[in-house]
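Take a look at the structure below.
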Amino acid sequence: MEINDNMISEIIERVLKEVQKKSINDRYQNGIYDRMEDAIEAAYEAQKKLMKMSIEQRERLISAMRKAILDNAKSCAKLSVEETGMGRVDHKYLKLKLVAEKTPGTEVLTTKAYSGDKGLTLVEMAPFGVIGSITPSTNPAETVCCNSIGMIAAGNTVVFSPHPGAIKSSLMAVEFLNKAIIEAGGPENLITSVRKPSIEFTDVMINHPKINLLVATGGPAIVKKVLSSGKKAIGAGAGNPPCVVDETADIKKAARDIILGCTFDNNLPCIAEKEVIAVESIYEELIENMKKNGAYEITDDEAEKLADIVLTKKEELKAEGCSINRPKFEYSVNKKWVGKDAKVLLEQIGINVGDDIVCIIYRCDKQHPFVQEELMMPILPIVKVKNIDEAINVAVEVEHGNHHTAEMHSKNIDNLTRFAKAINTTIFVKNAPSYAGIGFGGEGYTTFTIAGPTGEGLTCAATFTRQRRCVMVDSFRIV
Ligand code: NAD
């Protein structure tokens, strides 16, 4: 047989492909790669395999993932706090448990049908393919686990670009989820990531032709970046949730609920109460009751000292956070103190308290940076207002148009409705701690990617799908 040029180039191409495949395999370890390009390529190949599985088989993988999250929740929570220095192990455990138990799977995928004389038309929820997901340092493993369940349930594979400061716990989640999937009979690489995430790798992901959907969970910089990519993007951005208390509220319960919500994981969740706006007739009573629930009130002098520590003028210490449309302030939040215990923060200004103190409260006006900034630490400023009208105006102003989350304690339906309409947030919690809004002690499913800027709301498998119309015409009936 004669060998011609075509045959030679075919052989070379085949050999090159084999070498490429082998070199990717050599670098593979439970979905984690050295190069972002390899992580994307592997997820792309894996998605083709996922598409060959039935929805029932897919659901079996989801069940295995839920079990793996529960089995690893304690150690993952511990690792997360160790590496980031933020939050509380007990609360991070509860958040992971919540993800395992209340993140929707394939059951939320629905098909719309139109039937009539001309036949049958179906509108199905189809996968995007490979999703690029950028995750935060504040809920690192929670976001990886929650997004993985929703994205895979919808038939996608996912490539994660985790926050470099939370890489160990994020990759731990990638590994235990992949292991569970493979043991349940699923393909390798449904979830991939890179060993050392960087802005450069995130840019590779954003611009890669095989990434069909971008999902960013974080501060304004990354949300803006994905929305400028020219691709379909879901942005879950910053919040600064105000909590309004009016004179009709059950003040004892309001005080307890506010402290519980504000101190959950040391105020890291984007939904947590960040400032309270209380009408003057119940202001003192509310503060007294907060003190009975683990709050320590600081004076003006102490607040000044604390502000010098937890706020910074230095750009390099700045934590990303707070609002696309926020006004320009002199100070930013010093990320060194984000997610720290109230006790530790108080120690910095020479106040020693017991473990029963979980929150620092401070009376101030609405201009104070503790109100204006998304602190993400258990410092709760409390603003006094004359009446509900002023409360609503102040709350809308300090939320900075994020339309993220707000809370209210009131028994007056008109007041509740007026505030809900005025602030128009993705989550509005009435008479409960903020975390009820993500299904913790409240009805409804959970998510750790709350898409306010792009409007998808609390994301789930259905969010990560494309609409696909399938039309069958009954030609016999057409006249
Ligand atoms: P962050 O914005 O610093 O980081 C988020 C992710 O974006 C990380 O992976 C980071 O590496 C990446 N990133 C940031 N800037 C980037 C850039 N210029 N280029 C490429 N990548 C970039 O946020 P964080 O401190 O990890 O998390 C806290 C913030 O996230 C808060 O503002 C909080 O409100 C918000 N958040 C929102 C939600 C939500 O569901 N809406 C959930 C969690 C956190």
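The label-point distance for MET53 and GLU280, in a model that sets each label 7 Å from Cα toward Cβ, rounds to 6.2 nm.
Most simply put, the chain has about 35% antiparallel DSSP beta bridges, counting only bridges with both residues inside it. Among the GluC sites (Glu not before Pro) in the range 371-468, those placed in a DSSP loop whose Cβ has at most 13 other Cβ atoms within 10 Å are GLU443. Against the main long axis of the alpha-carbon atoms of the chain, helix 36-51 sits at an angle near 70°. About its Cα centre, the range 117-210 has a charge dipole of approximately 200 debye under the convention of +1 per Lys or Arg Cβ and -1 per Asp or Glu Cβ, with nothing else charged. Over every pair of different alpha-carbon atoms in the range 242-442, take the mean of 1/r and invert it; report that Kirkwood radius in Å. Kirkwood radius, the range 242-442: 16.6 Å. Solvent exposure of the chain, expressed per residue, is 45 Å² of accessible area, with all protein chains present and a 1.4 angstrom probe.
For HIS403, no residue whose modelled amide H falls within less than 5 Å of its own remains once neighbours fewer than 5 places apart on the same chain are excluded. Once Rg and the Kirkwood radius are both taken over the C-alpha atoms of the chain, their ratio Rg/Rh works out to 1.04. Relative to the current alpha-carbon distance between ILE199 and ASP355, full extension at 0.36 nm per residue lengthens the span by 52.3 nm. Secondary-structure-derived ellipticity at 222 nm for the chain, considering helices only, amounts to -13000 deg cm²/dmol, per-run term -39500 (n - 2.57) for DSSP H runs with n ≥ 4. Applying the Karplus relation 6.51 cos²θ - 1.76 cosθ + 1.60 with θ = phi - 60° to the range 343-356 yields 3J(HN,Hα) values of 4, 5, 5, 5, 4, 5, 10, x, 10, 9, 10, x, 5, 6 Hz, where x marks Gly and Pro. Note the angle between two axes, namely the Cα long axis of helix 167-183 and the longest principal axis of the Cα atoms of the chain, as a number of degrees from 0 to 90, rounded to the nearest 10. The answer is roughly 50 degrees.
If you take every DSSP beta bridge fully contained in the range 242-442, what fraction is antiparallel? Give it as a percent rounded to 5. If I count the DSSP bridges inside the range 242-442, around 10 percent turn out antiparallel.
The accessible surface of the range 242-442, taken with every protein chain in place and a 1.4 Å probe, is 47 percent carbon and sulfur.
The dipole here belongs to the range 8-155: it is taken about the Cα centre, uses +1 on the Cβ of Lys and Arg and -1 on the Cβ of Asp and Glu, and is about 380 debye.
Would you work out if the range 440-479 is rounded, prolate or oblate? Take a ≥ b ≥ c from the square roots of the eigenvalues of the alpha-carbon gyration tensor; rounded if a/c is under 1.5, else prolate when a/b is larger than b/c, oblate otherwise. Here the range 440-479 falls in the prolate category. Computed 3J(HN,Hα) for the range 232-237, one whole-Hz value per residue from the Karplus formula 6.51 cos²θ - 1.76 cosθ + 1.60 where θ = phi - 60°, is 4, 9, 10, x, 10, x, glycine and proline marked x.
The values are calculated or read from the model by the stated rules, or taken from the named source; none is laboratory data. Values in this document were obtained by computation on a predicted structure and should not be read as measured data. For neighbour counting, all protein chains shown are included, and Cβ atoms are generated from backbone atoms with ideal geometry for every residue, glycine included. Ligands, DNA and RNA are excluded from the accessible area calculation, which covers all protein heavy atoms including side chains. Shrake-Rupley method; radii C 1.70, N 1.55, O 1.52, S 1.80 Å.
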